[in-house]
Amino acid sequence: MKQDFYLYNASNRINPWPYLQVLVGIFIMTAFLVLVKQWISPTSLALLYLLPIGLGASYYGLGPGLFAAILAFLAFNFFFVEPLYSLFVHRTQDLIGLVVFLGTAFAIGQGFGMARQNLEKAQAREREAILLSEFSSELADLHDGKGIVQALERKVLETFQVQRVEVILEAKHTPDTGASETGREGRTKDAANPGNVGAHSPRPARPDLLAPLQTPRGMIGEIRIWRFNSPFNASEQRLLQTFASQACLAFERTRLTLAENRARVLEESDRLKTSLLSSVSHEFRTPLATIKASVTALHSETDSLDPEASGELLAAIEEETDHLNLLVGNLLDMSRIESGVLQPKRSWNVLSEIVAGVLHRMQSFTKSHTIQVDISEDLPLVSVDYLQLEQVFANLISNSIKFSPVDTVILISAGRQSDQSILVQVKNQGPGVSEEYLERIFDKFFRVTAAERVSGIGLGLSICKGIIQAHGGRIWAENQPDGFAYFFTLPLTWEGDIQREELE
Amino acid sequence: MNAAIQPHILVIDDEPQILRALRTVLTAKRFRVSTASRGEEGLSLAAAQPPDLIILDLSLPDMDGIEVCRQLRTWSQVPIIVLSVRDREHDKVEALDHGADDYLTKPFGIEELLARIRVALRHSIQTQTADGKKTVIRTGSLEIDLMQHLVTRAGEEVKLTATEFKLLAYLAANAGRVLTHQMILSNVWDPVDVDRVEYLRVYIRLLRRKLEDDPEKPHFLVNEPGIGYRFLIE
C-alpha cells in the first residue's frame, strides 16, 4: 500500500448531453432563419446566431459554447453565404464577414463560458466549504472511533450520492472498537439500505475511488467508494481527500483524549497510593509514639514511677496495641476486598452478641461517649461472618467517636426492615456531612476534612461497604436533625442458604 | 520541691493516649502538666496560665500546629518543642522558622524528650535573668560577653573576626534552640544570602576550631542534620 495520499478515477468521459442540446439549438435557429431570411438582412442573421452561442456558453460552459460557435459558423456559411449550400466562399466581402462572425462567436462563447465556469467553481467551493464546516463541527462532538466512522460514512453517502461506502480501519489503531478476528475492522454502508452495516449486497471487486486515512503515525485505514453511474471529478476527489484528513484529525484527537484519560487515571491511582502510604505511616506512628514513650519511661527509671503511673502507662500500651491491631485488620481486609477474596464465612449469629463483643473489646476507647444499644429481642438469627461484622461495627463506632463531641450519645439499634432483611443503625450526635459527600465517604481514602487534620486513613468506611456488600446488604449514611447516622441492611436469606434448604 | 517552682508544661496534642502517657510520665518527673487537645484551647490555656514550656503536636483538628506556633510567638517567648509524625526536613524547618525551639519526630524515646525539655528550660531560665537581656553567657570553659564582644576559653581570649563573633553571638543568644540555616544566614549575613549554606559551613568550622576541644565532636556548636545548628549550654 502506497504511503502517500492518492486518488484514482475509474473513467473520465465527457458528458455529451450539453453538446447535443447546443446542436439542437443551432439546428432550430438555422431552420427558423431559413424560413425568415427573405425579410432579414444577412448581418442580422449573423447577429441572431450569436443568441444560441451565448445561451449555450452561459448554461453549459466553455466547451459547449465553443462547439456552438463552430456549428453556427458552419451553418451560416452553408445556408446563407453565396454560393448557398456549400462551404465555399466567392466574395472577399463575405469571407471577411464570416471571419469576423467566427471571431465574435468564439469571443462570446469563450466569455460566457469562462464566466459560467468561474461561477460553477465558486459555487462548488462554497458547497465544499459548507460541507466541510458541517463535517468538522459534527466530528468535534464525537469522542469514539465508531462514531467518527459512522459520521464519515454518512457524510460520504450524502455528499457523493454513491452506492456503497466502506471505511476500513486497521484494528491496532482502533483501541475502543476492539480487534476483529481478521485484524481489520471493516464497516460497509449501502445507499440502498443505509444503517445496515455489512449488508449482503454483492460487493464489486474494485472500488471506484479510494482514499487512505493517513495520520502522522502512518496509515490507519482507508475509505472505499463505489459509484456506478457517474465518475468522480477533480473537486469531488479533493473533497473526499479533505473528509479523509478531517476524519484522521478526529481519530488522532480521540486517541490523544484516550491516552490523556488513561494517564489521568494512572496519576490518580498513584496519588491515592502516595496518600495511603503517608496516612498509613501517620496512623501507625501515632499509637507507636504512645507505646514507645510509655515503654521507654517504664524501662529507664521504673523506680521513680509510682505503681499507679506504671499502671497508667501499661494500660495506654495495651490500648494502643489494640488500636494498631484494628488498623492492621483494616489494611488486610482492604487488600482482601481489592483482590476479591473477601468471602464471608457465614454462620448463624445473634446480632446483639456481636455488638456486645465489639463494645467489650472497645470499652477503653468508648469511655469518652455514652453508648446505647437498642436491639430487639425477637430479632431472628443472621447468617453472617462474625469477625467481619465485628469489624464493621468497630469501624462505625470508632468513626462516630472520632467525629462527635465528647460526652454525647452513640445509639446502636437494629430491627426488621422487611421479611427479607434487617436494618441496623449506628447514630451519633456529631456534625453532619455535606450532602454531596454522603456517598463518597464510603470511597477508599476519601476524607471530608484535610488529611493532616483528622486521624484515619480513609479505609474504615470503604471496608464496611466491602463487607456489607459481600453479605448482600447495602450501607449508606444520612444526616439527621440531631446528628449523623450510618445505616446498613443485612438479608435474612441468601443464595447459599436457599440452595441448602432445597437440598434438604 | 514545692509546687511553686515545679516547671509548668502545657501539652497540646489531639491524641488522648499520648496525652495520657505524657501526663503520667511528666507528672512522675515532677513537672506540673496541663493538656489541651485543640489549637484554640491550647492558645487560651497558654494565655491564662503561662507555662514554662509547650509541647505541641502539628496535626490538630481545628488548626495547624505551625499556626499555633506563629500565634504564640506574637506575644510569648515560651520554649516550644514540636512533637510530630511528620518527619520531612521541610516540615521541621517550617516549624522552626515559625518559632518552634526544637522538633522531635514520633515515635520518640521518653529520655530524649526529657533531655530536650531540660535544654529548653535551662535556656529559658538563662535568658529570663537580667530581663531577658543576658550579656554574658557561660558554658563549660567558654565565656561569651555579648556587650564587650569578648570571648574567652579557659580564661584566655579567643580572637574572632567580626563575622565569626556575630555568628557565635546569634547562636549563643538563642542557646538551646534549633536555628535553621535560613534563620542564621538571614540574621548574621543578609536575607538575600539565605541559600548560601556554604558560608555557614565554613564559619562554623572556623568557630569549632577556635572553641571546641575536639572540632570533630563538637560540644557547643551542634549540627542538626539537614536543618541547622544549635548552641548547647552544658
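Per-residue Karplus couplings for the range A:238-250, computed as 6.51 cos²θ - 1.76 cosθ + 1.60 with θ equal to phi - 60°, are listed in order as 5, 5, 4, 4, 5, 4, 4, 6, 5, 4, 4, 4, 5 Hz, Gly and Pro entered as x. Distance from the Cα centre of the range B:61-124 to that of the range A:25-85, in angstrom? Here the answer is 111 Å between Cα centres.
Along the axis of the charge dipole computed for chain A (Cβ charges of +1 for Lys and Arg, -1 for Asp and Glu, origin at the Cα centre), the listed residues A:V165, A:T215, A:L326 are led at the positive end by A:V165. In degrees, nearest 10, range 0 to 90: what is the angle between the Cα axis of helix A:351-361 and the longest Cα principal axis of chain A? Compared with the principal axis, the helix lies near 70 degrees. Going 7 Å from the Cα of A:L324 toward and past its Cβ, which residues in the range B:16-31 have a backbone nitrogen under 18 Å from where you end up? Residues B:16-22 fall inside that zone. Whole-Hz Karplus values for the range A:100-110 come out as 4, 4, 4, x, 4, 4, 4, 4, 5, x, 5 Hz, taken residue by residue from phi with 6.51 cos²θ - 1.76 cosθ + 1.60 and θ = phi - 60°; glycine and proline positions read x. Of the Cα atoms belonging to the range A:315-412, the radius of gyration and Dmax stand at 14.5, 40 Å.
Would you please give the FRET efficiency between B:R201 and A:V433, computed as 1/(1 + (r/R0)^6) with r the Cβ-Cβ distance and R0 = 56 Å, to the nearest 0.05? With R0 = 56 Å, the Cβ-Cβ based efficiency is 0.60. In vacuum, with every alpha carbon of the range B:91-234 counted as one equal point scatterer, what does the Debye formula give for log10 I(q)/I(0) at q = 0.20, 0.21 Å⁻¹? Two decimals, please. Summing over Cα pairs of the range B:91-234 leads to -1.38, -1.50. Close amide H pairs (under 5 Å, H built 1.01 Å from N) link B:V136 with B:L146, residues at least 5 positions away or on another chain.
For the range A:270-353, the list of GluC sites (Glu not before Pro) that fall in a loop by DSSP and count at most 16 other C-beta atoms within 10 angstrom reads A:E301. Angle, helix B:39-48 long axis vs. longest principal axis of chain B, Cα atoms, 0 to 90°, nearest 10? Long axis of B:39-48 versus the principal axis of chain B: about 80 degrees. Measuring spread by the Cα atoms of the range A:1-144 yields a radius of gyration and Dmax of 22.4, 78 Å. Ligands, DNA and RNA are left out, and with a 1.4 angstrom probe the accessible area of the range A:22-117 is 56 Å² per residue.
Remark: the B:H90-B:Q49 segment gains 11.6 nm on full extension, using 0.36 nm per residue and subtracting the alpha carbon distance. Remark: for residue pairs A:K367/A:K402; A:K273/A:K345; A:K292/B:K92; A:K273/A:K367; A:K121/A:K155; A:K292/A:K427, the C-alpha separation exceeds 24 Å in A:K273/A:K345; A:K273/A:K367; A:K292/A:K427. Legend: Rg and Dmax of the range B:27-176, from Cα coordinates, 17.4, 54 Å. The mean of 1/r over all distinct Cα pairs in the range A:64-171, once inverted, gives the Kirkwood hydrodynamic radius of 18.6 Å. Taking amide H as placed 1.01 Å from N in the peptide plane, A:L492 has its amide H under 5 Å from the amide H of A:S421, A:I422, each at least 5 places away in sequence or on another chain. How much FRET efficiency would the formula 1/(1 + (r/R0)^6) give for A:H360 and A:L423, where r is the Cβ-Cβ distance and R0 is 25 Å, rounded to 0.05? E between A:H360 and A:L423, to the nearest 0.05, is 0.55.
Projected onto planes of every orientation and averaged, the convex hull of the alpha-carbon atoms in the range A:244-375 covers 15.3 nm².
As an equivalent ellipsoid, the range A:95-142 spans semi-axes of 46, 4, 4 angstrom, where each value is the square root of five times an eigenvalue of the C-alpha gyration tensor, largest first.
Thinking of the protein assembly as shown as a set of Cα atoms, what percent of all their pairs are more than 43 Å apart? Pairs farther apart than 43 Å: 61 percent. Considering Cα pairs under 8 angstrom that are at least six residues apart, work out the relative contact order of chain A and quote it in whole percent. It rounds to 9 percent for chain A. Across the range A:73-120 the C-alpha pair distances fall into 10 Å bins from zero in the proportions 27, 38, 21, 12, 1 percent. Helix A:307-338 and the longest principal axis of the C-alpha atoms of chain A enclose an angle of approximately 30°. Within the shell of other residues whose beta carbon sits under 14 angstrom from the beta carbon of A:L98, the net charge comes to -1, with Lys and Arg scored +1 and Asp and Glu -1.
Working from label points 7 Å from Cα in the Cα-to-Cβ sense, the A:N261 to A:I40 distance is 7.3 nm. Annotation: amide H-H contacts under 5 Å for A:G430 (H modelled 1.01 Å from N, sequence separation of 5 or more, or interchain): A:F484. Between A:L119 and A:R238, what's the calculated FRET efficiency when r is the beta-carbon distance and R0 is 25 Å? Round to 0.05. For R0 = 25 Å, the calculated efficiency reads 0.85. Residues in the range A:26-37 carry Karplus couplings, in order, of 5, 4, 4, 4, 4, 4, 4, 5, 4, 5, 9, 5 Hz; the curve used is 6.51 cos²θ - 1.76 cosθ + 1.60 with θ = phi - 60°, and Gly or Pro positions show x.
Label separation (A:D407 vs A:F27): 11.6 nm, computed from points 7 Å beyond Cα along the C-beta direction. Rolled with a 1.4 Å probe across the full set of protein chains, the surface gives A:S86 an accessible area near 20 Å². Helices in the protein assembly as shown, meaning DSSP H runs of at least 4 residues, each add -39500 (n - 2.57). Divided by all residues, the mean residue ellipticity at 222 nm is -17000 deg cm²/dmol. Based on C-alpha pairs under 8 angstrom that are at least 6 apart in sequence, chain B has a relative contact order of 13 percent. Extending 7 Å from Cα along the Cβ direction at B:D193 and again at A:D482 yields two label points whose distance is 6.7 nm.
Compute the longest continuous run of chain A that contains no exposed trypsin sites (Lys or Arg not before Pro); treat a site as exposed when its DSSP state is not H, G, I, E or B and it has at most 13 other Cβ atoms within 10 Å. That would be A:368-504.
Neighbours of B:S141, meaning other residues whose beta-carbon lies under 15 angstrom from its beta-carbon, give a summed charge of -4 when Lys and Arg score +1 and Asp and Glu score -1.
The values are calculated or read from the model by the stated rules, or taken from the named source; none is laboratory data. Keep in mind that this is a model prediction, so the values were computed, not measured. FYI the Cβ positions are ideal-geometry reconstructions off the backbone, even for glycines, and counts take in every protein chain you see. In case anyone asks, the SASA skips ligands and DNA or RNA and just uses the protein heavy atoms, side chains included. Shrake-Rupley method; radii C 1.70, N 1.55, O 1.52, S 1.80 Å.
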